[in-house]
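The values are calculated or read from the model by the stated rules, or taken from the named source; none is laboratory data. Bear in mind that the values here come from a model prediction, so they are computed numbers and not experimental data. Because the Cβ atoms are built from the backbone with ideal geometry, glycine has one as well, and the counts that use them run over all protein chains shown. SASA here: full protein model, heavy atoms, side chains in, ligands and nucleic acids out. Shrake-Rupley method; radii C 1.70, N 1.55, O 1.52, S 1.80 Å.
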Amino acid sequence: MQFTKMHGAGNDYVYLDCLAGPVPGDLPELARQMSDRHFGVGADGLILIHPSECADARMQMFNADGSEAEMCGNGIRCVAKYVYDHGHCRQEQLQIETAAGVLDLELILTDQKVSQVRVDMGQPILSADQIPTTLSGSPVVKQRLSVADRELEVTCVSMGNPHCVVFVEELTDELVLQVGPQIEVDAHFPQRVNVEFVQVLSSGEVRQRTWERGSGETWACGTGACAVCVAGVLTGNTDRKIVNHLLGGDLQLHWAEDDEHVYMTGPAEEVFQGQWPARSS
């Protein structure tokens with residue numbers, strides 16, 4: 001079975017082209033095996049590219065632990081690059097279907113290949129019951145959360161998947177690697193949650209580290225960066241247009257005033273292709 005390894009700002013996934021071929025069985029187990037960084041390909045998860053009845057392609061994604069997720073901002077940019085660079089769709093405006101809806105993407109080309117992608121991520125979901133979270137407030141802005149013997153101030157946003165944004169003075173391993181996992185499974189988040197720890201550098205610039213639901217710390221999170229842009233405005237920490245510095249690179253975010261959509265621009269890169277054996281024990 002042929003696969004392609006790709007990443008967006010260091011958020012890496014294994015991609016399977018199912019546009020014309022068969023879909024493998026037991027996808028959660030396949031995601032776990034292929035994502036393993038010691039015994040597999042190594043990735044934050046598995047993304048399948050399917051035909052779509054309502055868009056140019058459909059993205060289906062699984063986290064490294066085998067759980068299926070609704071959306072991935074970095075992953076969808078790589079899907080767009082794959083379908084364009086591999087000749088499936090040669091227009092520079094694409095629509096990709098996801099479990100969170102159909103998104104519009106604008107491709108930016110360098111030497112006839114996709115180098116950057118601008119994604120219309122749609123309107124953020126701010127209603128507590130739709131995020132979902134049982135924290136008080138709707139929107140949930142600057143609410144207190146007690147976890148890991150800490151009192152945190154959090155803001156919650158869904159970009160098709162749930163995010164808990166925590167603005168901090170300093171980004172530390174203790175916060176990300178110890179507090180992040182506990183927030184992910186906190187009872188206030190019935191579907192678990194992605195956690196963004198954010199240091200504000202200026203009104204137009206932030207630094208982010210992410211503990212992703214089902215994958216652990218990742219080098220970038222596109223939907224999380226969008227959630228941070230929204231949370232920054234809601235809390236008064238940032239402007240509507242920001243540059244977000246992640247471990248794997250920078251993303252440009254804009255929460256537009258006219259249509260309330262969040263726009264994300266960032267890189268998409270193909271790393272290599274390979275063959276995965278039919279078994280794996």
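Taking each residue of the range 207-221 that is aromatic (Phe, Trp, Tyr) and part of a loop (DSSP other than H, G, I, E, B) and looking for partners that are at pLDDT 95 or above and open to solvent by 10 Å² or more (accessible area, probe 1.4 Å) with beta-carbon atoms closer than 7 Å, six or more apart or interchain, yields TRP219/GLY10; TRP219/LEU246; TRP219/LEU247; TRP219/GLY248. Of all residue pairs spaced 6 or more apart or on separate chains, those with beta-carbon atoms under 6 Å, a first member in the range 69-83 that is farther than 17 Å from ASP56 by Cβ and a second member that is assigned to a helix (DSSP H, G or I) are GLY73/GLY222; GLY73/THR223; ASN74/GLY222.
Every test in (1) open to solvent by 20 Å² or more (accessible area, probe 1.4 Å); (2) more than 21 Å from LEU103 (Cβ to Cβ) is passed by THR238 save one, and that test is (1).
Could we say that VAL271 is open to solvent by 50 Å² or more (accessible area, probe 1.4 Å), touching a Phe, Trp or Tyr at 6+ places or on another chain (Cβ under 7 Å) and assigned to a strand (DSSP E or B) here? No. Out of the residues in the range 125-135 that are within 20 Å of GLU184 (Cβ to Cβ) and in contact with a strand residue (DSSP E or B) (Cβ under 9 Å, 6 or more places away or on another chain), which is surrounded by the fewest Cβ atoms within 10 Å (Cβ to Cβ)? Result: GLN130. Number of residues in the range 101-124 that are under 19 Å from ALA256 (Cβ atoms) and either basic (Lys, Arg) or open to solvent by less than 50 Å² (accessible area, probe 1.4 Å) (or both): the value is 10.
Have a look at TRP211, TRP276 and point out the one that is within 23 Å of ASN63 (Cβ to Cβ), open to solvent by 30 Å² or more (accessible area, probe 1.4 Å) and touching a Phe, Trp or Tyr at 6+ places or on another chain (Cβ under 9 Å).
It is TRP211.
Do any strands (runs of 3 or more DSSP E) entirely within the range 141-206 hold 3 or more residues that are open to solvent by less than 10 Å² (accessible area, probe 1.4 Å) and at pLDDT 95 or above, and if so, which? Explain how you work it out, then say what you get.
On the way: elements: 143-147, 150-158, 162-167, 194-202.
Hits in the range 141-206: 150-158, 162-167, 194-202.
When restricted to residues that are modelled with pLDDT of 95 or more, out of contact with any helix residue (DSSP H, G or I) (no Cβ under 8 Å at 6 or more places or on another chain) and closer than 21 Å to GLY160 by Cβ, the range 259-276 contains 4. Name the residue that is nearest to GLY224 (Cα to Cα), counting only residues in the range 87-100 that are open to solvent by 70 Å² or more (accessible area, probe 1.4 Å) and assigned to a loop (DSSP other than H, G, I, E, B). Among residues in the range 87-100 that are open to solvent by 70 Å² or more (accessible area, probe 1.4 Å) and assigned to a loop (DSSP other than H, G, I, E, B), the one nearest to GLY224 (Cα to Cα) is ALA99.
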